[in-house]
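Written below as structure tokens is the structure these notes are about.
The values are calculated or read from the model by the stated rules, or taken from the named source; none is laboratory data. Computed from a predicted structure; not experimentally measured. Note: ideal-geometry Cβ built from the backbone for every residue, glycine included; neighbour counts use all protein chains shown. The accessibility values were calculated without ligands, DNA or RNA, using every heavy atom of the protein model including side chains. Shrake-Rupley method; radii C 1.70, N 1.55, O 1.52, S 1.80 Å.
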Amino acid sequence: MTIDYSTLYIGGKWVEPATAAKISVHSPTTEELIGSVPEAAEADIDMAVAAARSAFDDPIGWASWSSSERKHVIERFAAELEKRSEDTAQRVTMQNGMPITLARAFEGAFPAVMLRYFADLAVATPQEEVRPGLLGGSTLVSRLPVGVVGAIVPWNVPQAISFLKLSPLLAAGCTVVLKPAPETVLDAFLMAEAVEAAGFPPGVINIVPAGREVGAYLVSHPGVDKISFTGSTGAGRSIAETCGRLLRPVTLELGGKSAAVVLDDADLSKTIESFVGATMINNGQICWLNTRILAPKSRYGEILDTITDVIGSMTVGNPLEDSTQVGPLVSSRQRDRVEGYIAKGISDGARLTAGGKRSGDTGWFVQPTVFADVDPKSAIAQEEIFGPVLSVIPYIDEAQAVAIANDSEYGLGGTVWSSDPERGTAVARRIQSGTVGVNGYQNDPTAPFGGIKSSGLGRELGPEGLASYQYPKSIYLDANAG
Ligand code: NAD
């Protein structure tokens with residue numbers, strides 16, 4: 001039985017789409033059709049932006065409410081999501097192959113955590129202050145919501161990435177048009193059902209699944225005040241160009257090629273679960289994964305053996321089964337791309353120590369793969385593969401490790417592994433990246449997340465994430481007035 005929808009959630013209602021176009025979703029595990037939804041057209045985007053616009057501009061609407069008033073509705077939203085969390089996890093796994101245990105944590109549970117964190121943060125952060133000035137007067141400084149946000153998300157972690165945007169923007173008082181990626185649309189309809197049940201004012205959240213052309217239309221729409229995008233660096237550059245021309249604020253979370261620096265005092269056997277979590281979860285389809293492993297020459301053979309054993313023995317299979325550690329890639333196109341990089345790694349002289357082949361006859365599976373002796377300048381060490389492929393690169397000393405880690409066009413994630421956390425932190429300070437973990441990696445909601453260089457612009461999460469959906473307004477109070 002397939003999961004099919006025929007209407008779109010816009011302006012607080014389920015409405016007929018402007019055209020008969022459909023997005024069909026195929027299982028990456030069985031390759032069978034699993035569902036379909038209407039594909040939003042430009043006219044649907046117009047309707048969604050108009051709904052978000054009037055919800056934002058309503059003088060007694062969402063943007064005018066206090067943070068505490070908004071918190072009540074946001075908390076109901078979190079509770080409604082929790083009621084649907086197992087269904088949401090299952091739908092994500094069915095569509096993109098994310099192992100179900102990961103989907104339960106990232107996609108089922110984490111959105112409600114982020115919603116509650118930002119609702120509380122907005123209540124705890126004064127929205128106005130009077131600042132004594134240096135010129136004799138004072139200034140009333142307010143933090144105001146930026147307005148209507150166009151939020152565009154990818155397929156790899158569709159719910160958590162949507163809530164990296166929705167949680168702060170809702171807490172700040174913005175309204176939103178959310179465009180999910182065509183590969184993962186069925187979970188977005190469960191989200192819409194939760195929005196409806198939570199009782200948001202109509203138009204605060206509108207959901208319009210579509211492809212890149214319609215996404216580009218949303219980016220340039222005159223009714224939108226800010227764009228928040230997560231996806232590839234190529235698409236991010238094109239969106240940044242549009243936003244630059246329009247002088248429209250934009251947050252960009254883009255690609256990565258992060259490094260795991262294993263120091264010569266590291267005991268990987270003690271931290272192996274965290275190490276796999278930082279390098280190989282979600283079938284290698286996470287932007288911050290540490291797919292370059294830098295290993296000291298003094299312990300190279302032993303570290304390579306550990307990584308080869310652990311990665312090479314991961315359980316590949318149906319991602320809906322709890323025991324599965326590696327599921328299929330999201331699409332045949334993505335599988336072909338990853339296979340292309342594996343072939344390139346071999347022809348460039350890297351040594352395959354695990355995987356390297358397709359797995360099974362049905363579904364878009366690639367075995368978890370490890371390359372040893374990788375040249376840090378080669379394509380597999382420089383380009384984002386977005387699949388289960390690790391490159392192990394030897395280094396001589398700490399200075400060289402840091403230089404190799406920083407020799408990248410990206411700067412999103414990274415880790416340092418050491419028995420001495422202080423030494424690990426000292427090396428982490430030298431890594432040019434927006435985020436680095438010591439003996440593990442976690443996107444904590446309280447910490448700003450985002451990249452430098454070609455990994456993006458701006459930050460999500462933490463107080464910085466909330467501030468990115470606000471603009472400060474100064475009202476000068478003359479000392480002589482009144
Ligand atoms: P993609 O850029 O092709 O698509 C992402 C989303 O943007 C989709 O919804 C797509 O329809 C839309 N889109 C694409 N081009 C657009 C355009 N010109 N204008 C408006 N919308 C457009 O990326 P993908 O292949 O689906 O996702 C994988 C990429 O996302 C990887 O590069 C990965 O590193 C990156 N990513 C980054 C982060 C992060 O937080 N930095 C998180 C997850 C994924």
Inset, instruction - State whether one or more residues within region 54-74 are within 21 Å of the chain's Cα centre (by Cα), farther than 30 Å from V15 by Cα and among the hydroxyl-bearing types (S, T, Y). - result: no
Inset, instruction - Tell me, please, whether a residue that is outside the structural domain of Q367 (by TED's automatic domain parsing), part of a strand (DSSP E or B), in contact with a Ser or Thr (Cβ under 6 Å, 6 or more places away or on another chain) and of a type outside the set (V, I, T) can be found in region 135-154. - result: yes
Legend entry - Residues being under 23 Å from F56 (Cβ atoms) and within 16 Å of the ligand (Cβ to nearest atom) - total across region 105-147: 2
Inset, instruction - Spot the failing condition for G317; the list is (1) in contact with an Asp or Glu (Cβ under 8 Å, 6 or more places away or on another chain); (2) away from the ligand (no atom under 16 Å from the Cβ), and only one is missed. - result: (1)
Legend entry - Total residues in region 379-399, condition under 23 Å from R358 (Cα atoms), open to solvent by 10 Å² or more (accessible area, probe 1.4 Å) and not in a helix (DSSP H, G or I): 3
Inset, instruction - Identify the residue in region 5-46 that is farther than 12 Å from V214 by Cβ, among the aliphatic types (A, V, I, L, M) and free of Cβ contacts under 8 Å to residues at least 60 places away in the same chain and, among all such residues, is least open to solvent (accessible area, probe 1.4 Å). - result: V15
Inset, instruction - Could you check, for region 258-269, whether at least one of its residues is at pLDDT 95 or above and within 16 Å of the ligand (Cβ to nearest atom)? - result: yes
Legend entry - Selection within region 256-266 - crowded, with 22+ Cβ neighbours inside 10 Å and either closer than 17 Å to K453 by Cβ or of a type in the set (D, E) (or both): G256, K257, S258, A259
Inset, instruction - Test T2 against the stated conditions and say whether it is of a type outside the set (K, R), open to solvent by 20 Å² or more (accessible area, probe 1.4 Å) and touching a residue at least 60 places away in the same chain (Cβ under 8 Å). - result: no
Inset, instruction - Report whether or not T291 is of a type in the set (S, T, Y), modelled with pLDDT of 95 or more and assigned by TED's automatic domain parsing to the domain that holds R76. - result: no
Legend entry - Hey, S331 within 16 Å of the ligand (Cβ to nearest atom) and either surrounded by fewer than 22 Cβ atoms within 10 Å (Cβ to Cβ) or modelled with pLDDT under 95 (or both) or not: yes
